[in-house]
Amino acid sequence: MISAIVLAAGASSRYSTWPPKQQELLPHVLAALRRAASLDDVLVVVLGAHDVEVDARTVRCPDWERGPGASLRCGLEALPASAEAALVVLADGPELDPRAVDRVIESWRRVGGEVVAAAYGGVRLHPVLLARSAWRLVPDEGARGLEARLVDCDDLTPPGDVDVRR
C-alpha cells in the first residue's frame, strides 16, 4: 500500500496571514491526488501553524517549527503499518499533475529505490516517494537532502511552489 502525505504545516508568512495559503491551495492538491490512479486510499494532511478545514484526514505536528522534516515525520508516524511507501507532496503546489504521481509510483513499483522523485527539466521537485526503509533517514530539513532516483516528468507542468499571494 502506498499512502499520500500532504505537508501543510508551515506558517506561510510570506503569503499573508489570512486566509493561510494552505486553505486556498490544498483543495487543488487533494483533487490531483484523488485523480491519481496508482495511489491507495490513505491520505494524511499534516497541519501545524494554522487550523485548516480540509476534506481529508489530518494530523497536527507540534514540532512543525523545527522544519519540513519534522512535519514529514509526523505524517509518516500517522500512516498505517501496512504502508510500504509514502508519496509526499506540498500543500503549496497547486499545479500537481496526477500523472506525475502515477509515474513516480509506477517507477518505484518497477525499479524500486528508497527515494524516488519527479524531475522537471532535470530539477528534482514533487511528488517524492519514500519507501518505508527511508522513513528513519528524514532529517529536520526534510527529504530534499536524501539522494533520490529521478523520474522524468518533463512533459508535465511542475507542481509549483506558491510563496506569495498574487
**Study point:** Residues located in the range 95-140, provided they are polar (S, T, N, Q) and either open to solvent by less than 20 Å² (accessible area, probe 1.4 Å) or within 16 Å of the chain's Cα centre (by Cα) (or both)
**Key:** Ser107
Check your understanding: Scanning the range 141-166 for residues that are modelled with pLDDT under 85 and of a type in the set (Lys, Arg), which turns out least open to solvent (accessible area, probe 1.4 Å)?
Key -> Arg165
Check your understanding: Only one of Ala8, Ala86, Ala4, Ala49 is open to solvent by less than 10 Å² (accessible area, probe 1.4 Å), in contact with a Phe, Trp or Tyr (Cβ under 8 Å, 6 or more places away or on another chain) and either modelled with pLDDT under 95 or closer than 24 Å to Leu146 by Cα (or both); which?
Key -> Ala86
Practice item. Inspect the range 65-75 for any residue being out of contact with any Phe, Trp or Tyr (no Cβ under 9 Å at 6 or more places or on another chain), closer than 20 Å to Leu25 by Cβ and open to solvent by 20 Å² or more (accessible area, probe 1.4 Å) and give the result as yes or no. Key: yes
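The values are calculated or read from the model by the stated rules, or taken from the named source; none is laboratory data. Note that this is a predicted model, so its numbers are computed, not measured. With ideal geometry, Cβ positions are generated from the backbone for all residues, glycine too; neighbour counts draw on all protein chains shown. Surface accessibility is based on the protein's heavy atoms, side chains included, excluding ligands, DNA and RNA. Shrake-Rupley method; radii C 1.70, N 1.55, O 1.52, S 1.80 Å.
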